[in-house]
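Asker: Structure below; questions to follow.
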Amino acid sequence: MRLGLPKGSLQEATLILFKRAGFNINVSSRSYKPSIDDKEIEVRLLRAQEIAKYVENGFLDAGLTGRDWIAESRSKVQVICDLKFSKATASPTRWVLVVPNKSPIVKVSDLNGKRIATEAVNLTKAWLRKNKVKAHVEFSWGATEVKVPELVDAIVDITETGSSLAANNLRIVDTLMESYPQLIVNRSYFKMPAARKKIETLALLLEGALAARDKVGLKMNIPEANLKKVLKALPALRNPTVSPLASKGWVAVETIIDEVVVREMIPQLKEYGAEGIIEYPLNKVVY
């Protein structure tokens, strides 16, 4: 399977996700063909903007790229799953309409007759048509933020937190699209049983790695008499596993919980007589 992965801002987060899913990818600074410890996969590093079109045309069998770039390139591909991660957070990236703080533009209709610069021209034009607004949209090769207000009236730019826009005295007027990376596959390739099984297995492992991202495993020994109290207190992902111990009157409890609540749970568990409390990281949680 020829698999396209995004090079650039999303690259590091993508490689970390694959590692948590069980795939070790080694990238050479001089090569766009990283090595991966799976003999059935060949990896190519490409700009996220290009991956969907290469998958549609069959130059790649599958790829990982943003929902936004699939829409922008108008590519006809099979979407396998959303992968809810981004460069810095677990929040989606957003394509937003942006103007200077002092701009009179406060709503979409104010864009009639205005000039807009963006890298996502098709996305922006589709959004304007939906809102019945006529404006001139031009492609931006980069440094889009510096083009307002001298060169254009507004820009459509991508942001994750909005902090960079605020730092440049820019204001968000509206959101055009929220986007997560998506695992996609060529439609003809997906019809082959072996290919379908491989891509679905990959999706299962990647989704499992994301599901485990903010969770930890927790296990402990507790007096059987306090079991009901402990089970009531645990915010378990599913019903905890309870096993009898060799010592009469004691049981072992194991569960998965959000990492942020562990620090609050451990003192309470100690009050219920828990001993040998162990917290451990998780790579994958498969539902």
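The values are calculated or read from the model by the stated rules, or taken from the named source; none is laboratory data. Nothing here was measured: the structure is a model prediction, and the numbers come from that model. All Cβ positions, even for glycine, are placed from backbone atoms using ideal geometry, and neighbour counts span all protein chains on display.
Asker: Can you list the strands (runs of 3 or more DSSP E) lying wholly within the range 31-127 that have 2 or more residues being over 18 Å from Leu10 (Cα atoms)?
Answerer: Values: elements: 42-47, 62-66, 78-82, 93-100, 115-118.
In the range 31-127, the matching strands (runs of 3 or more DSSP E) lie at 78-82, 93-100, 115-118.
A quick yes/no check of all residues on (1) within 20 Å of Ser31 (Cα to Cα); (2) in contact (Cβ under 8 Å) with a residue 60 or more places away in the chain; (3) among the acidic types (Asp, Glu); (4) assigned by TED's automatic domain parsing to the domain that holds Ser188:
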{"residue": "Arg44", "(1), (2), (3), (4)": "yes, no, no, yes"}
{"residue": "Arg47", "(1), (2), (3), (4)": "yes, no, no, yes"}
{"residue": "Glu56", "(1), (2), (3), (4)": "no, yes, yes, yes"}
{"residue": "Ala62", "(1), (2), (3), (4)": "yes, yes, no, yes"}
{"residue": "Cys81", "(1), (2), (3), (4)": "no, yes, no, yes"}
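Asker: Scan the range 60-68 and give yes if some residue there is more than 19 Å from the chain's Cα centre (by Cα) and modelled with pLDDT of 95 or more, otherwise no. Before you say what the answer is, go through the steps one by one.
Answerer: Going through the range 60-68, the residues more than 19 Å from the chain's Cα centre (by Cα) turn out to be 60-61.
Those left that are additionally modelled with pLDDT of 95 or more: 60-61.
Scanning the range 60-68, I find at least one residue that is more than 19 Å from the chain's Cα centre (by Cα) and modelled with pLDDT of 95 or more, so the answer is yes.
Asker: Filter the range 164-194 down to the residues that are more than 26 Å from Ala13 (Cβ to Cβ) and either in contact with an Asp or Glu (Cβ under 7 Å, 6 or more places away or on another chain) or among the β-branched types (Val, Ile, Thr) (or both) and list them by number.
Answerer: The answer is Val173, and nothing else.
Asker: Follow-up. Being more than 18 Å from the chain's Cα centre (by Cα), buried (at least 18 other Cβ atoms within 10 Å of the Cβ) and among the polar types (S, T, N, Q), is that true of even one residue in the range 94-114?
Answerer: No, the range 94-114 has no match at all.
Asker: Given the structure, is Thr161 farther than 30 Å from Pro281 by Cα and polar (S, T, N, Q)?
Answerer: Judged against the criteria, Thr161 is not a match.
Asker: While we're on this one: Residue by residue through the range 1-23, note down the ones that are part of a strand (DSSP E or B) and not hydrophobic (A, V, I, L, M, F, W, C).
Answerer: Arg2, Gly4, Pro6, Lys7
Asker: Tell me which residues, restricted to the range 239-261, are outside any loop (DSSP other than H, G, I, E, B), farther than 27 Å from Arg213 by Cβ and in contact with an Asp or Glu (Cβ under 7 Å, 6 or more places away or on another chain).
Answerer: Those that are outside any loop (DSSP other than H, G, I, E, B), farther than 27 Å from Arg213 by Cβ and in contact with an Asp or Glu (Cβ under 7 Å, 6 or more places away or on another chain): Trp250, Val251.
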